[in-house]
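One structure below.
The values are calculated or read from the model by the stated rules, or taken from the named source; none is laboratory data. Everything quoted here is computed from the prediction, not taken from an experiment. Note that we place each Cβ from the backbone using ideal geometry, even for glycine, and neighbour counts take in every protein chain shown. What goes into the accessible areas is simple: the full protein's heavy atoms, side chains included, and nothing from ligands, DNA or RNA. Shrake-Rupley method; radii C 1.70, N 1.55, O 1.52, S 1.80 Å.
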Amino acid sequence: GTHWVWAVLMAVMAVIVIGFLATLLWLVARRPSDHAAVHPTHGAREILAERMARGDITPEEYQERLRALS
């Protein structure tokens, strides 16, 4: 009878569900982590580096402020 049709439909559904779950896990694993929460000064160091690169602060000011963060 029609048992093989139901078996094929169940197999297709299983593949869809497993594919969906695998995609979901992959997206969660690729989500960028918040390093600033782990290392509170990391974000401040990046900001200082960006400011120096833009010329907002001198290399001397950069080093002084880095020491202040330590």
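Observations
- Residue-by-residue Karplus 3J(HN,Hα) for the stretch 2-17, coefficients 6.51, -1.76, 1.60, Hz, glycine and proline x: 9, 5, 5, 5, 5, 5, 5, 4, 5, 5, 5, 4, 4, 4, 5, 5
- In this structure, His42 and Phe20 have a Cβ-Cβ separation that, at R0 = 30 Å, corresponds to a calculated FRET efficiency of about 0.30.
- Against the main long axis of the alpha-carbon atoms of the chain, helix 59-69 sits at an angle near 70°.
- Estimated at the nearest 10 Å², the accessible area of Met52 is 70 Å² with a 1.4 Å probe.
- For the chain, the share of alpha carbon pairs falling in successive 5 Å distance bins from zero is 3, 14, 12, 10, 8, 7, 6, 6, 6, 6, 5, 5, 4, 4, 2, 1, 0 percent.
- Remark: the chain carries 88 Å² of accessible area per residue (probe radius 1.4 Å; ligands, DNA and RNA excluded).
- Taking Lys and Arg as +1 and Asp and Glu as -1, the other residues whose beta-carbon sits under 14 Å from that of Leu24 total +2.
- Within the full protein context, the accessible area of Thr2 is estimated at about 90 Å² for a probe radius of 1.4 Å.
- With contributions of -39500 (n - 2.57) from each DSSP H run of at least four residues, the per-residue ellipticity at 222 nm computed over the chain stands at -27000 deg cm²/dmol.
- Using only side-chain charges placed at the Cβ, +1 for Lys and Arg and -1 for Asp and Glu, the dipole size of the chain relative to its Cα centre rounds to 240 debye.
- Under 5 Å, built H, 5+ apart or other chain: amide partners of Ile57: Met52
- ³J(HN,Hα), Karplus 6.51/-1.76/1.60, whole Hz, each residue of the stretch 42-47, x for Gly, Pro: 4, x, 5, 5, 4, 4
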